[in-house]
């Protein structure tokens, strides 16, 4: 007995059910033949499963989707900047660390753009630096400093839109942009939204 499609199997014709045993007996087939049919069917199903799993593991990642599951954002500086200081969050919220990335070097007055659509939630000075914050939805917020901007809280911005100009003061050796991203109350690595930072995995050769 051969089934071209596993979905054709029902409780009455499934070879692993008691109905299947009764049907084999009623057709006058030896139980050994029925066992061989079951064995071949199992081998076919296992082979099909292995092919599906193999194809899934070899699938090429979608370059427009980042590890965060979000549509890929754009860099807030153009051309693509270097990362002068990486994301290094502290083990505890009250400890020192680096809750974002520093991008540059870039000249004073460089154009800063929105990495994704959102709404401005803060424009002002924190300590001694001008800061701008954008709410991107899905509990994600970006903050940029030191950035001078004419925008105001409540303004909608689009991905790639000009949001302000970069001022000196954050990096001691060069003008740079500090970019931080929060998901809820937790800081996350901004680079995960503009590039695939997952570690490379070597696959076995076939």
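One chain, two ends: residue 126 and residue 94. Fully extended at 0.36 nm per residue, the span grows by 9.7 nm beyond their Cα-Cα distance.
Given a Förster distance of 45 Å, report the FRET efficiency between residue 139 and residue 108 from their Cβ-Cβ distance, rounded to the nearest 0.05. About 0.85, to the nearest 0.05. With labels modelled as points extended 7 Å from the Cα through the Cβ direction, what inter-label distance (nm, one decimal) is found for residue 162 paired with residue 85? With each label placed 7 Å out from Cα toward Cβ, I get 2.9 nm.
Bear in mind these aren't lab numbers, they're just calculated from the coordinates by the rules spelled out. For clarity, every value in this text was computed on a predicted model and none was experimentally measured. All Cβ positions, even for glycine, are placed from backbone atoms using ideal geometry, and neighbour counts span all protein chains on display.
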